[in-house]
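Everything on this sheet refers to the single structure shown next.
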Amino acid sequence: MRASAQRRVPGGKRVRVHLELEGGAVMVAEISGDFFLYPEDSLKALEDALVGLSASTTEGSVLALVEHIFASHNITSFGFTPHDLARTIWEALR
Amino acid sequence: MIWRLLPFEHNRAAMNMAIDEAVCEGVAGQRSPPTIRFYGWTPSAVSIGCFQNILDEVDVEECRRQGVDVVRRRTGGGTVFHDQAGEVTYSVIAPEPEMGRDILASYRRVCGWVIDALSDQGITAEFSPINDIIVNGRKVSGCAQTRRRGVFLQHGTVLHSLDAGRMFALLRVDREKLAQKGLGSAEERVTSLSELCGCTRDELLSSLRQAFLRGKEHFSGDLTSYERDRALELARSRYGNREWTFSR
């Protein structure tokens with residue numbers, strides 16, 4: 001099953017999340033948009049971290065995961081916050 | 001630090017992006033000097049940010065029908081239509097310490113050079129973080145920046161004249177973005193130098209060169225043969241490669 005969500009962050013950028021779900025869990029995740037992320041290669045770490053995530057995960061758990069990847073990969077984002085991304089992922093999961 | 005100014009040239013989209021990367025590699029390997037280049041796109045092209053999903057952003061079939069190149073940049077940010085006749089693109093490539101670690105401050109600094117050039121043409125423009133320059137609320141210039149292997153790259157475009165109808169036929173317009181900015185149509189969101197002051201593209205280019213080089217020791221030079229060969233290789237293997245362009 002394919003699931004998507006997107007948001008235009010007020011004063012910021014567009015974030016889109018496309019997920020492929022199987023058996024209630026994420027198999028493939030793509031995060032896209034016109035934002036800026038440094039270092040750029042860290043987007044893959046964010047996408048990889050979503051694989052295996054359960055469709056019933058809470059928004060708080062998604063936020064904790066996103067914040068962990070931001071911290072562990074020293075990510076700086078412009079155009080969205082970890083909270084914006086977590087909310088978009090959670091909306092796609094729902 | 002002595003900067004190199006490359007001559008203005010038109011290239012295909014893949015080559016333009018490949019030259020930026022080849023120079024970045026040269027700077028990383030201390031084989032190339034910090035470099036400023038101004039350039040055009042022949043044929044006209046659409047570039048997309050490295051994080052964008054191409055099919056969400058671009059009418060690829062319409063681009064193909066009109067003979068417009070489509071290229072994925074190695075920088076983030078949004079979709080840009082590079083009109084062969086209607087814009088000037090710049091790149092600034094330097095060791096990261098030269099431009100500072102503060103990302104927003106460095107965007108502001110380079111955009112300040114563009115604003116100075118517009119001021120030289122009698123236009124009052126302002127920086128609109130993170131990556132736009134606006135005149136009376138309408139965008140006239142956008143840019144994107146990356147930092148890899150200790151090298152800073154910012155490239156951006158300044159609109160000289162605008163074929164808005166063509167631009168928005170090629171791009172999938174984000175209506176929510178327009179609504180947030182209080183604009184009713186995509187055409188209302190952008191403006192150009194020819195609309196604002198009537199200067200020629202050569203006059204704009206001259207003002208940009210002066211503003212970018214102000215206070216910098218510099219020389220006028222060409223790409224080295226190594227840089228050009230590497231750019232040709234990158235144009236073929238990456239920027240002209242469908243796998244990279246359609247990677248997301």
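The values are calculated or read from the model by the stated rules, or taken from the named source; none is laboratory data. Note that the structure is a prediction, hence the values are computed from the model and not measured. Heads up, the Cβs are rebuilt from the backbone with ideal geometry, glycines too, and the neighbour counts pull from every protein chain shown.
Miscellaneous remarks
- Those residues of the range B:1-48 which are among the β-branched types (Val, Ile, Thr), touching a Gly at 6+ places or on another chain (Cβ under 9 Å) and farther than 16 Å from B:Val71 by Cβ, in sequence order: B:Val27, B:Thr35
- The listed residue being among the aliphatic types (A, V, I, L, M), farther than 30 Å from A:Asp41 by Cα, touching a His at 6+ places or on another chain (Cβ under 9 Å) and in contact (Cβ under 8 Å) with a residue 12 or more places away in the chain, out of B:Leu208, B:Leu196, B:Leu204: B:Leu204
- Any helices (runs of 4 or more DSSP H) falling wholly within the range B:1-109 and containing at least 2 residues that are of a type in the set (Lys, Arg), at pLDDT 95 or above and surrounded by fewer than 21 Cβ atoms within 10 Å (Cβ to Cβ): B:60-66
- Scanning the range B:140-170 for residues that are of a type outside the set (A, V, I, L, M, F, W, C) and crowded, with 17+ Cβ neighbours inside 10 Å turns up B:Ser141, B:Gly142, B:Gln145, B:Thr146, B:Arg147, B:Arg148, B:Gln154, B:His155, B:Gly156, B:Thr157, B:His160.
- When B:Phe152 is tested against (1) among the aromatic types (Phe, Trp, Tyr); (2) more than 10 Å from chain A (Cβ to nearest Cβ); (3) within 26 Å of B:Glu195 (Cα to Cα), only condition (3) is not met.
- Qualifying residue in the range B:122-136 (condition: free of Cβ contacts under 8 Å to residues at least 12 places away in the same chain, within 14 Å of another protein chain (Cβ to nearest Cβ), of a type in the set (S, T, N, Q) and surrounded by fewer than 19 Cβ atoms within 10 Å (Cβ to Cβ)): yes
- Only a single item in (1) more than 13 Å from chain A (Cβ to nearest Cβ); (2) in contact with a helix residue (DSSP H, G or I) (Cβ under 7 Å, 6 or more places away or on another chain) is not met by B:Ser47, and it is number (1).
- For first residues located in the range A:82-94 and farther than 12 Å from A:Gln6 by Cα, partners that are surrounded by fewer than 21 Cβ atoms within 10 Å (Cβ to Cβ) and aromatic (Phe, Trp, Tyr) and lie 6+ apart or on another chain with Cβ distances below 6 Å form the pairs A:Pro82/A:Phe70.
Let's see how each residue does on (1) out of contact with any strand residue (DSSP E or B) (no Cβ under 9 Å at 6 or more places or on another chain); (2) assigned to a strand (DSSP E or B); (3) modelled with pLDDT under 95:
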{"residue": "B:Gly112", "(1), (2), (3)": "no, no, no"}
{"residue": "B:Ala117", "(1), (2), (3)": "no, no, no"}
{"residue": "B:Thr146", "(1), (2), (3)": "no, yes, no"}
{"residue": "B:Gln154", "(1), (2), (3)": "no, yes, no"}
{"residue": "B:Thr157", "(1), (2), (3)": "no, yes, no"}
{"residue": "B:Ser161", "(1), (2), (3)": "no, no, yes"}
{"residue": "B:Leu208", "(1), (2), (3)": "no, no, no"}
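A quick yes/no check of all residues on (1) within 13 Å of chain A (Cβ to nearest Cβ); (2) without any contact (Cβ under 8 Å) to a residue 24 or more places away in the chain:
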position: B:Met17; (1), (2): no, no
position: B:Val27; (1), (2): no, no
position: B:Ser32; (1), (2): no, no
position: B:Phe38; (1), (2): no, no
position: B:Pro43; (1), (2): no, no
position: B:Val58; (1), (2): yes, no
position: B:Arg65; (1), (2): no, yes
position: B:Gly86; (1), (2): no, no
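- Looking across the range B:67-84, just one residue is more than 14 Å from every other protein chain (Cβ to nearest Cβ) and of a type in the set (S, T, N, Q), and that is B:Gln84.
- Matching residues in the range A:38-62 - criterion: being aliphatic (A, V, I, L, M) and either in contact (Cβ under 8 Å) with a residue 60 or more places away in the chain or within 14 Å of A:Val17 (Cβ to Cβ) (or both): A:Leu43, A:Leu46, A:Ala49, A:Leu50, A:Val51, A:Leu53, A:Ala55, A:Val62
- Complete set of residues in the range A:40-77 that are closer than 12 Å to A:Val15 by Cβ and more than 10 Å from the chain's Cα centre (by Cα): A:Ser77
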